[in-house]
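Undergrad: Before I ask anything, let me first share the structure, which is written out below as structure tokens.
The values are calculated or read from the model by the stated rules, or taken from the named source; none is laboratory data. What you see is a predicted model, and the numbers here were worked out from it, not measured in a lab. Note that we place each Cβ from the backbone using ideal geometry, even for glycine, and neighbour counts take in every protein chain shown. These accessible areas exclude ligands, DNA and RNA; they are computed on the full protein's heavy atoms, side chains included. Shrake-Rupley method; radii C 1.70, N 1.55, O 1.52, S 1.80 Å.
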Amino acid sequence: MLTIQNLSFSYGVIQVLDDITMVVPTGRITCILGRNGVGKTTLLMNVMGLLRPTIGAVLMGEHDLTDLAADRRSALGLGLVPQGRRIFPRLTVIENLRVALAARRQPTDRIPDDIYDLFPVLKTMSHRRGGDLSGGQQQQLAIARALVADPQVLLLDEPTEGIQPNVIQHIGTVLRHLVDERGLTIVMVEQYLDFVKEIGDRFFLMDRRRVVAEGLTSDLSADLVHRHLTV
Amino acid sequence: MTCARAIAGALVIVAACVCLERPSRTLQAAAPMEMRGTTTVAVVAALDVAPAAGETSAAASPSSAALPDWALETLQNTFAGLSAGSILVLLALGLSIIFGLMGVINLAHGEFMMVGAYTAYVVSESFKAYLPPGAFDYFYLVALPLSFLVAGGVGVLCEYLVIRHLYGRPIETLLATWGISLLLIQTARLIFGDTTSFTPPSWLQGGWRVIPGLVLPLNRLFLIGLCVAAVAAVYLLVQRTPFGLLLRATTEDRPIASALGVPTRWIDGLTFGFGTGLAGLAGAIVPLYDKLNPNMGQSYVVDSFMVVVVGGIGKLAGAVVAGAGLGFLTKYLEPWLQAVYGKLAVLALIIVFLQWRPSGLFPDRGRSAES
């Protein structure tokens with residue numbers, strides 16, 4: 001179980017997160033909603049360890065992650081699919097996938113077969129450079145790359161951003177499958193409300209640096225959407 | 001990227017100033033050797049020709065060589081350029097990898113070369129003092145790997161103590177590495193004094209007579225061979241090993257690499273050590289044809305910075321092509337323009353070249369170039 005406790009964060013004097021507390025249920029898809037600039041991505045960066053909170057803590061199971069670097073958190077089972085995909089552009093598809101294996105000094109550098117079962121398009125692309133892939137292919141590669149490290153908790157930052165509808169559909173199916181069949185826990189920042197309602201289980205709604213509402217995505221009311229999401 | 005260009009520009013200016021201030025130490029250092037080379041040629045040619053054509057006095061004239069003068073001279077210059085370029089390539093490889101990964105412009109790079117050179121010197125002295133005279137010829141086989149390891153070790157230490165605290169602050173790292181270079185120079189001067197030298201092993205003395213009138217010095221051949229081997233080793237390490245994969249991933253996107261479990265702190269330290277180790281290896285070669293002094297690194301590092309800038313920052317192929325190219329250019333221009341003006345001509349050409357191709361010989365193209 002991933003827990004964020006009273007976490008605050010500032011870029012210099014500008015406070016971006018104010019006393020965030022979230023208890024993320026295991027084996028569920030939890031969505032973080034909110035307008036642009038309310039601090040969703042900053043929150044994920046704090047959870048992954050790429051930014052350090054001013055105060056507060058991040059816990060996973062019995063581990064206190066707060067003082068650990070990102071690579072240690074990765075070894076403990078936390079994975080990230082970053083906003084904008086951030087594929088290594090000059091590495092081939094297969095090299096992108098192998099990075100996590102090489103980092104763990106695995107005796108084999110073989111990519112698990114099920115990665116290609118989930119994203120068949122990657123098999124045909126394996127020797128193309130990551131930077132030459134289309135946006136939809138890159139997004140699938142970014143998810144596959146995080147899965148190679150075999151995480152228990154996967155953080156996704158806007159996986160549908162700029163992706164065509166049938167690829168979004170495919171990504172949704174894969175994520176739901178990973179949660180239902182393998183017990184993966186997903187925390188997903190997302191702007192696309194229909195996608196959230198379709199595959200999400202729970203939501204946290206953020207507005208102006210704080211969590212303002214939480215609940216089941218099926219209970220996401222028109223009133224909440226109007227007050228905190230519509231512009 | 002604009003930052004990198006500004007730094008590149010600044011470096012060329014620094015290079016120009018240093019070269020004008022002290023007319024081209026590298027080339028002066030190289031020049032006596034080349035002269036040594038040519039005298040060897042002359043001597044060997046004379047010895048060769050004299051007995052063969054004992055009675056006829058005309059036989060001693062150079063026209064009796066297998067090739068005409070201009071061809072011999074071109075071959076000589078090509079060879080000299082190749083060997084001068086080799087040292088620069090060895091230095092530029094390390095500089096380029098370090099800059100590509102960490103964004104650190106290592107002004108102390110030449111001093112790591114100096115550390116390698118003095119390591120070889122210490123090994124040579126130890127062999128003389130503690131081992132039977134017959135063993136002396138093999139000291140160089142110990143000195144080469146040890147120069148790599150000692151320079152690499154000092155590099156890892158500097159990274160750990162100083163540089164890692166300054167990542168993301170290019171101006172401070174510039175100052176800090178300059179400080180490290182002064183520190184290393186003065187330390188070497190305290191321990192070893194001003195100028196020393198050692199005797200090269202006998203198997204690296206003399207030359208290989210290719211054709212009548214053309215003798216290639218063995219030490220220079222060895223230098224070229226070692227450079228080729230080092231380039232191949234670096235290529236394999238970066239492209240084919242797990243460490244190389246982690247190095248490339250960290251170079252491209254440090255935070256994302258660490259989120260995938262890459263221990264980027266370790267990668268930084270090891271890479272800095274590897275780059276400075278290559279400089280140390282280059283340093284072990286210099287005493288084969290030149291004297292050692294604590295300042296020796298400074299003259300070389302300016303040229304190798306030019307190689308990195310011309311080749312394109314972080315590009316291995318660029319470093320190799322630019323290093324060899326700069327070596328050729330210098331050696332071809334020297335006979336026409338003398339050392340100092342030859343050097344100035346090379347600098348002017350580089351400045352013109354950078355106007356035409358600001359990102360060097362091999363810039364990134366396509367989608368990935370934007371990121």
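Undergrad: Which one of A:SER74, B:PHE79, A:ILE115 has its Cα pushed farthest toward the positive end of the charge dipole of the protein assembly as shown, where Lys and Arg give +1 and Asp and Glu give -1 at the Cβ?
TA: B:PHE79
Undergrad: Follow-up question, since we're still on this one. What distance in nm separates the simple spin-label points at A:GLN191 and A:GLU161, each placed 7 Å from Cα in the Cβ direction?
TA: With each label placed 7 Å out from Cα toward Cβ, I get 0.8 nm.
Undergrad: For segment A:107-231, with only Lys/Arg (+1) and Asp/Glu (-1) charged at the beta-carbon, what is the dipole magnitude about the Cα centre, in debye rounded to 20?
TA: 340 debye
Undergrad: In nm, to one decimal, how far is the A:THR26 label point from the B:TRP70 one, both placed 7 Å along Cα→Cβ?
TA: 8.4 nm
Undergrad: What is the angle, in °, between the Cα long axis of helix A:93-103 and the longest principal axis of the Cα atoms in chain A? Nearest 10 is fine, range 0 to 90.
TA: 70 degrees
Undergrad: For A:MET188, enumerate residues with amide H under 5 Å from its amide H, sequence gap 5+ or separate chain, H modeled in the peptide plane.
TA: Answer set, sorted by chain and number: A:THR30, A:CYS31, A:ILE32, A:LEU156.
Undergrad: So if we plug the beta-carbon distance of A:THR3 and B:TYR235 into 1/(1 + (r/R0)^6) with R0 = 41 Å, what FRET efficiency do we get, rounded to 0.05?
TA: Working: r = 47 Å, r/R0 = 1.14.
After rounding to 0.05, the efficiency reads 0.30.
Undergrad: Hey, with R₀ at 51 Å, roughly what FRET efficiency would B:TRP356 and A:ALA75 work out to, going by the Cβ-Cβ distance, to 0.05?
TA: Values: r = 48 Å, r/R0 = 0.93.
The value I calculate is 0.60.
Undergrad: Over the protein assembly as shown, average the accessible area per residue using a 1.4 Å probe and give it in Å², no decimals.
TA: Details: 26930 Å² over 602 residues.
The answer is 45 Å² per residue.
Undergrad: Quick one: Cα convex hull volume of the protein assembly as shown, Å³ per residue?
TA: With only Cα atoms used, the protein assembly as shown gives 190 Å³ per residue.
Undergrad: Moving on. Could you compute how much accessible surface B:HIS165 exposes when probed at 1.4 Å, giving the result in Å² to the nearest 10?
TA: Approximately 100 Å² for this residue.
Undergrad: Could you run the numbers on buried accessible area between B and A, total for both chains, 1.4 angstrom probe, in Å² to the nearest 100? Walk me through the intermediate numbers first.
TA: Values: alone 17840 and 11210 Å², together 26930 Å².
Looking at B and A, the buried total is near 2100 Å².
Undergrad: Taking amide hydrogens as modeled 1.01 Å from N in the peptide plane, which residues meet the under 5 Å criterion relative to B:LEU361, leaving out close sequence neighbours?
TA: Result for B:LEU361 returns B:GLY311, B:GLY312.
Undergrad: Can you give the calculated 222 nm mean residue ellipticity of the protein assembly as shown, where each DSSP H run of n ≥ 4 adds -39,500 (n - 2.57) and the sum is split over every residue, rounded to the nearest 500 deg cm²/dmol?
TA: Computed mean residue ellipticity for the protein assembly as shown: -19500 deg cm²/dmol.
Undergrad: Let me ask you something else. Sequence neighbours fewer than 8 away in the same chain don't count; with that in mind, list the lysines whose C-alpha is under 20 Å from A:LYS197.
TA: Of all the lysines, those that pass the test against A:LYS197 - Cα under 20 Å, at least 8 places apart if same chain - are A:LYS40.
Undergrad: I've got another one for you. In segment A:115-152, what residues drop by 30 Å² or more in accessible surface going from the chain by itself to the full protein assembly, probe 1.4 Å?
TA: A:GLY131, A:ARG145
Undergrad: Quote the FRET efficiency, to the nearest 0.05, computed for A:ASP109 versus A:ASP180 with a Förster distance R0 of 35 Å and r equal to the Cβ-Cβ distance.
TA: 0.75
Undergrad: Given a 1.4 angstrom probe, I'd like the percentage of the accessible area of chain A that is carbon and sulfur, rounded to a whole number. Working shown, then result.
TA: Details: 4910 of 10220 Å².
Summing carbon and sulfur atoms, their accessible area is 48 percent of the total for chain A.
Undergrad: If you put +1 on each Lys and Arg Cβ and -1 on each Asp and Glu Cβ, how big is the dipole of segment B:240-347 around its Cα centre, in Debye rounded to 20?
TA: Values: 8 positive and 6 negative charges, 23 e Å.
Dipole of segment B:240-347, to the nearest 20 debye: 100 debye.
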